[in-house]
Structure formats: structure tokens, C-alpha cells
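What follows is a short report on a single structure.
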Amino acid sequence: MYPYSAYTERLVVRQYIKHYKNKVVSMPDATLNKVVSINKEDDFGFGTQIRKSPYFDATVRWGATAFSVYNHMYIPRAFGDPEQNFWNLVNDAILCDVAAERQVEITGPDAAEFVQMMTPRDLSSMAVGQCKYILMTNAEGGILNDPILLRLAENHFWISLADSDMLLWAQGLAVYSELDVAINEPDVSPLQLQGPRSGDVMKVLFGDSIMDLRYFWLREVELNGIPLVVSRTGWSSELGYELYLRDGSRGDELWETIMAAGRPFGLQPGHTSSIRRIEGGMLSYHADADMHTNPYELGMDRLVALDMKADFIGKAALQRIQAQGVSRKQVGLWIDAAPLKGPNTSFWPLEHNGETIGKVTSAVYSPRLEQNIALAMVAVEYAELGTELEVRTASGSARAIVVEKPFFDPKKKLAVSA
């Protein structure tokens, strides 16, 4: 037990956090230091085996209440009410610590050939300064990761990862590839600035010329001497930017600079929104896809170029899968039940006439659509629009109907617009 005076002080600080978490930075320094200490040491109990991001202290100051582990790093998962986080995102803007999206850096004379070997997407026309969403497959055609690929120079690439150990995969491939490449993890930590007002914030930070940056392109910039790569990308299906910090020692400074610039536009600290990403039909690796899932099951044929001359890992397997067809398919679902209290934390079985025919991989209640929406993997004979199924949720059985996905803004007009 703490002495009475210290215990009382901690209660006061906790109440301050609870009711004024978005104003924590205006607290007196002594109290603010106690807030950081309480949150980091008492509330979270973190060890040293999982890395913290350069923005960790800032996210705690700004009200992060929960974390999970992604690519062996802590990532904020809550800043209060997740529905309010969603509305902050779609109405104004949020700043998210996504430093856990680690980079695999590939350089060397054979870098382009090596990167092409790792993905079935045709990269032959990818220009310097361009980004592409790619799949990375194993010898069986299974998906190992679905990252964003950035081309910084002719022989300089970053692979901005979803949650799997692709640095080890790439280093292993390099040993036996007989290609002249270097594979490293650079000192690079991205933030996501997402939402309709994100462009306004970016103009304050970088000037009007930043609005010339096109969707899925990047630019190398500095902000008060902080080295950055900025791209028009993000995991939200909204207008947004990712800011790749190239000096981890300046993470706190970068966070506070962006938050200050965004204050007039309603910028809030936030976390990647399950509601918005499911609305947009965006994959979450380990949930909607894994090494046992192939691109054709996900309807991602456009990311597989079997007719290109270049070879890639999994090409023969994907040729075979394309010829044979798939036995299951990803679909969208409406779930006819009371609004879900949060995303599913296990795979929910899907049944038809008492037979299990698939599973719900991601589900959430969308307050905008006023519906429970879900992504699911089902046997192909049950993938037709309008098919009625039964889903066994954590709170009981409910009716589910196969519907079109994405559920909102299917052509990504919001993300593409500037």
C-alpha cells in the first residue's frame, strides 16, 4: 500500500486522466511526470522484451488506456470510447501511433529483382516515389503479409509491414537468392494522420505544396529539422497521410508538433479504427488472412500477375489454384442482432441448416450504418449475395445475410480525394 498522501495524490491524478485526458499536456510538469509514471509503471506493467515506440510517452500523456502487441511492439488500442474515436476519424482527424508497422529495408544492385521475387504483384512499372499495396506469398501461395511497399530510390525499398516476421523471412531468402542485396530494419517509425481534416493539418506543417502529393505516392521532407518520409496512405479508407520518422530520438517532438498544428481542426489522439477498417473491407492480418489464405479466396486477383515473366515465390501454386478454383471465399455480412459491444475476439462459426460452412473473421457495430457488419470466410456455394446463414456470436445465435463489401465508400473516393 502507498502512504495515505501518495495514494490520495494518485487518485487525484487518475481522476484528472479520466476526465481531462485530452488536456493532459497542460498539466503542471510535476503532476504530468506522475501521470506518465503511473500509467507506464503501475497501470501497464510492461517488460523490456516488447519494444516501445518513439511516441509511447506521448500517447500515454494524451490518454492511451490500453495497448496490444504488434510486430513485437506495443501499439495503443484505446483512447476512451472507440465509437468516439471513429467519429473523430470520419468527421475531423486523428493521429495514431503505428510505429509497430515496422520497415524491412532492401537495398543493393539487385533490390528491385529481390522485391519482385517476394510478391505476385507486377512491380515492373513502379516508379521511384510510388507506394503499392502488395501481398507476400509463400511457396504454397499462402499470404505471409499484406504490406505497403515504398520505393525511395531505384535500388531502395521499404516494406511497411502488417503483423508478421517478414524481416526474418527476407533475410533468409537473401541468403539463398544469390542476389546482391542488403536487408535491414531501419530507424523508421510511422505515424498515421487520418481523416477529412488531415490535409488542413498537413498544410500547416508543410505548406500548400503538400497537397500535390498523390494517392499512394511519397515525398522525403523535413519538419523543423526532423527527417521524414510522407506518403498519402493509411489504414482507414479516409483521406490520410503516413509520416515515417527517420530519427527515433525525435518521436515525442514530432507528436507534439503535429498535435499543436491540428488543434484548430479538431485533431485528436486516436487508434486505428476497427469500425472504419471493416466498413472499408480492409484486411487485418491474422484475422482475415494468414499463411493458409490465398489471394483468390480474398478476391484479390488483381494483385496476382501470373503472366509476367518475372518469377516469384508461390507462382506455381497460384497457377494451380487459379486453374482449379477455390473452395471458399471472403464475403461481407450483415448480422441481425443487438449492436455488438465491440469487435469479435474469436472466430464465430457460420452455419447453414446446422452445418458449419465458414467463420466470421472480423465483426463490429457500425454506428454510421446502424448495422452489425462483418467479414467472413465461407464455402463458395454459400457466398452468393442474399444467402442467409446463422452465426454463433459470443452472446448467442443470430441471422446473417451475405452482402456486398466494402460496406461504405467502396471505390475509396474519400481516400483518393485531396
Checklist line | Residue satisfying condition, being under 26 Å from L193 (Cβ atoms), modelled with pLDDT of 95 or more and polar (S, T, N, Q), within set N138, N155, N85 | finding: N85
Next item on the list: State all residues of the range 288-307 that are of a type in the set (A, V, I, L, M), in a loop (DSSP other than H, G, I, E, B), within 15 Å of P147 (Cα to Cα) and touching a strand residue (DSSP E or B) at 6+ places or on another chain (Cβ under 8 Å); if no residue qualifies, say none.
Entry: M291
Next item on the list: Determine which member of the set D81, D92 is closer than 22 Å to L267 by Cα, surrounded by fewer than 24 Cβ atoms within 10 Å (Cβ to Cβ) and touching a strand residue (DSSP E or B) at 6+ places or on another chain (Cβ under 8 Å).
Entry: D92
Check: Can we say T356 is part of a strand (DSSP E or B) and either among the charged types (D, E, K, R) or open to solvent by 70 Å² or more (accessible area, probe 1.4 Å) (or both)?
Finding: yes
Next item on the list: Kindly provide the set of residues from the range 97-122 that are open to solvent by less than 20 Å² (accessible area, probe 1.4 Å) and either out of contact with any Asp or Glu (no Cβ under 9 Å at 6 or more places or on another chain) or of a type in the set (F, W, Y) (or both), ordered by number.
Entry: D97, A99, I106, F114, V115, M118, T119, P120
Next item on the list: Please go through the range 99-146 and pick out each residue that is part of a strand (DSSP E or B), β-branched (V, I, T) and within 22 Å of the chain's Cα centre (by Cα).
Entry: V104, I106, T137, I143
Margin query: I'd like the full set of residues that are among the aliphatic types (A, V, I, L, M), under 22 Å from P54 (Cβ atoms) and not in a helix (DSSP H, G or I), limited to the range 203-250.
Written below: L218, V221, L223, I226, L228, V229, V230, L243, L245
Notebook entry, point to check: Here are E220, E238: which of them is in contact (Cβ under 8 Å) with a residue 24 or more places away in the chain, of a type in the set (D, E) and within 27 Å of H156 (Cα to Cα)?
Noted result: E220
Check: Here are some residues: E140, E178. Which one is at negative phi and of a type outside the set (S, T, N, Q)?
Finding: E140
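For (1) part of a strand (DSSP E or B); (2) exposed (fewer than 13 other Cβ atoms within 10 Å of the Cβ); (3) among the aliphatic types (A, V, I, L, M), each residue gets a yes or a no:
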{"residue": "K309", "(1), (2), (3)": "no, yes, no"}
{"residue": "K329", "(1), (2), (3)": "yes, no, no"}
{"residue": "L350", "(1), (2), (3)": "yes, no, yes"}
{"residue": "V364", "(1), (2), (3)": "yes, no, yes"}
{"residue": "V391", "(1), (2), (3)": "yes, no, yes"}
{"residue": "K405", "(1), (2), (3)": "no, no, no"}
Checklist line | Output for the range 242-292, where each listed residue is touching a Lys or Arg at 6+ places or on another chain (Cβ under 9 Å), buried (at least 23 other Cβ atoms within 10 Å of the Cβ) and either among the hydroxyl-bearing types (S, T, Y) or without any contact (Cβ under 8 Å) to a residue 60 or more places away in the chain (or both) | finding: T272
Next item on the list: From the list W158, W169, pick out the single residue that is in contact with a Leu (Cβ under 9 Å, 6 or more places away or on another chain) and surrounded by fewer than 23 Cβ atoms within 10 Å (Cβ to Cβ).
Entry: W169
Notebook entry, point to check: So, in the range 147-156, of the ones that are in a loop (DSSP other than H, G, I, E, B) and touching a Ser or Thr at 6+ places or on another chain (Cβ under 8 Å), which residue ends up nearest to L318 (Cα to Cα)?
Noted result: P147
Margin query: With the requirement that a residue be surrounded by fewer than 18 Cβ atoms within 10 Å (Cβ to Cβ) and out of contact with any His (no Cβ under 9 Å at 6 or more places or on another chain), what does the range 136-155 give you?
Written below: N138, A139, L152, A153, E154
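A quick yes/no check of all residues on (1) within 22 Å of the chain's Cα centre (by Cα); (2) charged (D, E, K, R):
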| position | (1), (2) |
| --- | --- |
| P82 | yes, no |
| R151 | yes, yes |
| H156 | no, no |
| G172 | no, no |
Next item on the list: For I210, work out the one condition from (1) open to solvent by 20 Å² or more (accessible area, probe 1.4 Å); (2) out of contact with any strand residue (DSSP E or B) (no Cβ under 6 Å at 6 or more places or on another chain); (3) under 24 Å from L254 (Cα atoms) it doesn't fulfil.
Entry: (1)
Check: From the set of residues in the range 367-382 that are buried (at least 21 other Cβ atoms within 10 Å of the Cβ) and among the small types (G, A, S), which is nearest to D409 (Cα to Cα)?
Finding: A374
Note to self: Condition (residue is outside any helix (DSSP H, G or I), in contact with a Cys (Cβ under 9 Å, 6 or more places away or on another chain) and under 24 Å from G270 (Cα atoms)) applied to the range 163-175: is it met by at least one residue?
What the structure shows: no
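The values are calculated or read from the model by the stated rules, or taken from the named source; none is laboratory data. All values derive from a computational prediction rather than experimental measurement. Note that we place each Cβ from the backbone using ideal geometry, even for glycine, and neighbour counts take in every protein chain shown. Remember, those area values only see protein heavy atoms, side chains included, never the ligands or the DNA or RNA. Shrake-Rupley method; radii C 1.70, N 1.55, O 1.52, S 1.80 Å.
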